[in-house]
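Written out below as structure tokens is the structure these notes cover.
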Amino acid sequence: MQPLFTTRLTDLFGIRHPILCGGLMWLSDARYVAACVNAGGMGFITARTFPDPGAFRAELRKCRALTGGKPFGVNLYSTPREADNVILKGHLAILLAEGVRIVETSGLPPKPLLPALREAGAKVIHKCATVRHAVSAAKLGVDAVAIVGAECGGHPGIELVGTMVQTPLGAQRLGLPYAVGGGIGHGSQIAAALAMGADAVVIGSRMTVAEEIWAHPAYKQRMVAADEASSRLIMQSFRNTYRVLDNAEARAVAALEAEGEADFARYKPHVVGTRQREAYATGDIERGVLSMGQAIAFAGETKPVAAIFAQMLDEARAAMLRLRQVEHPPAG
């Protein structure tokens, strides 16, 4: 499909469309990321999905083969638990050795990762929850930022500022290219985000029904059936807000919070990441706290990534036509 928009981020990443498919833990593998890249956007393999160095290297090589050598990205997520970040040093060395030069950082500020990335000439986009955090990341020297608002699946931060507010604030306060996400799953939102100053959108939940996502069909069927009210916020009492599918596991966590439980050990069996992977693999959607944002409302059916992109770009084109139709002609 021919480009409809040209922005600072399409230029930075060399992509046809201003659509970034943000890293989805356990789901963003070579097949899915390659499909996003081949459809004209940018995708990011989640490094933590492949803790074994050999498996991670193999996944990068598989993605390179599936894209025919086109650039693709890798997500490096830094947690507040420093011991859990040890893996990143080795994975960073592997991705650079394998020629990856587009990296999405998230979680903690990427300062420890930047020297090696800078030396290798990599392009770094840092994903965070607020414009305030994006301004701080810009000062570290990243190439771009992605701001995901309160509507997003996963971690929307503790301030819960919506995407509609953050998008124009980004234009006012940032001098570098930026993308926005959270609640975005319709093409008219692409046109709106660009009109407000953004250079791209980040989509996640909308893509969980893509054919190239490896998860069990029962999981995708549940995503198709979900709507904008199908998520809930948990873990706010730990200042680690998490927007997830409103399932039995999430309700068990919410019940502990309602009781005032402060011992994280009581929560750990519910929120441990391997429970999520099991849910994706088995289709038992009541198991695990499963990241899901309000944009799931737009995921009406399972189809290939390329078809989802085409639909959203058609919707964006229609939104631009709608704007021209309602625009008042200048006087005189």
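Please work out how much length the chain gains when fully extended from Met196 to Glu301, using 0.36 nm per residue of separation minus the C-alpha to C-alpha distance, in nm with one decimal. Please list the in-between numbers first.
Values: separation 105, 0.36 × 105 = 37.80 nm, distance 2.91 nm.
Extending this stretch completely gives an extra 34.9 nm.
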At R0 = 56 Å, FRET efficiency that the Cβ-Cβ distance of Asp84 and Ala229 yields, to 0.05: 0.95
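Please report the net charge: other residues with Cβ closer than 10 Å to the Cβ of Thr105, K and R +1, D and E -1.
Working: positive: Lys111, Lys127; negative: Glu104.
Once positives and negatives cancel, what remains is +1.
Quickly rank 3-10, 316-323, 164-171 as a protection proxy: mean count of other C-beta atoms within 10 Å, highest first. All intermediate terms of the calculation are to be shown ahead of the outcome.
On the way: 3-10: 17.5, 316-323: 15.5, 164-171: 19.5.
Most protected by this proxy first, the peptides run 164-171, 3-10, 316-323.
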Let me know the charge dipole size of region 34-153 about its Cα centre in debye, to the nearest 20, where only the beta-carbon of Lys, Arg (+1) and Asp, Glu (-1) is charged. 200
Using amide H atoms built in the peptide plane, which far-off residues or other-chain residues are under 5 Å from Gly183 H to H? Cys152, Gly153, Gln294, Ala295
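Once the Cα gyration tensor of the chain is found, what semi-axes does its equivalent ellipsoid get, as square roots of 5 times the eigenvalues, in whole Å, sorted largest first?
Working: eigenvalues 161, 118, 87 Å².
Ellipsoid half-lengths, sorted descending, are 28, 24, 21 Å.
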Using unit Cβ charges (K, R positive; D, E negative) and no other charged atoms, how large, in debye to the nearest 20, is the dipole of region 80-221 about its Cα centre? 300
Considering the Cα positions of region 85-180, please state its Rg to one decimal place and its Dmax as a whole number of Å. 13.8, 40
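Of all GluC sites (Glu not before Pro) in region 273-310, which ones are in loop regions per DSSP and have a Cβ with at most 14 other Cβ atoms within 10 Å?
Passing sites in region 273-310 are Glu286, Glu301.
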Just add up the charged neighbours of Leu233: K/R +1, D/E -1, any other residue whose Cβ is under 15 Å from the Cβ of Leu233. -2
Gain on full stretching of the segment that runs from Arg118 to Gln2 - 0.36 nm per residue minus C-alpha separation: 38.6 nm
Fewest to most Cβ atoms within 10 Å: Ser230, Ser28, Ser106 sort as Ser230, Ser106, Ser28
Helix-derived mean residue ellipticity, 222 nm - over the chain, DSSP H n ≥ 4, -39500 (n - 2.57), to 500: -12500 deg cm²/dmol
State the Cα centre-to-centre distance between region 284-332 and region 66-96 in whole Å. 29
Among chymotrypsin sites (Phe, Trp or Tyr not before Pro) in region 23-87, those in a DSSP loop whose Cβ has at most 15 other Cβ atoms within 10 Å are none
Residues other than Gln2 with Cβ under 14 Å of its Cβ, Lys/Arg counted +1 and Asp/Glu -1, net out at +1
What is the distance, in nm, between label points placed 7 Å from the Cα along the Cα-to-Cβ direction at Ala55 and at Gln221? 2.7
When each of Lys127/Lys220; Lys70/Lys303; Lys111/Lys139; Lys89/Lys111 is checked by Cα-Cα distance, pairs over 20 Å: Lys127/Lys220; Lys70/Lys303
For the chain, set up a GNM with springs between Cα atoms under 10 Å and report which of Ala34, Ala226, Ala93 has the largest fluctuation. Ala93
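If you filter region 186-249 for trypsin sites (Lys or Arg not before Pro), then keep DSSP loop positions with at most 12 other Cβ within 10 Å, what is left?
On the way: sites: Arg206, Lys220, Arg222, Arg232, Arg239, Arg243; in loops: Arg239.
Hits after loop and neighbour filter: Arg239.
Every read-out reported here was derived from the displayed coordinates using simple, explicitly stated rules and does not represent laboratory data. All of these numbers come straight from a predicted model, not from anything done at the bench. A quick note on method: Cβ atoms are made from the backbone with ideal geometry, for glycine too, and the neighbour counts reach across all protein chains shown.
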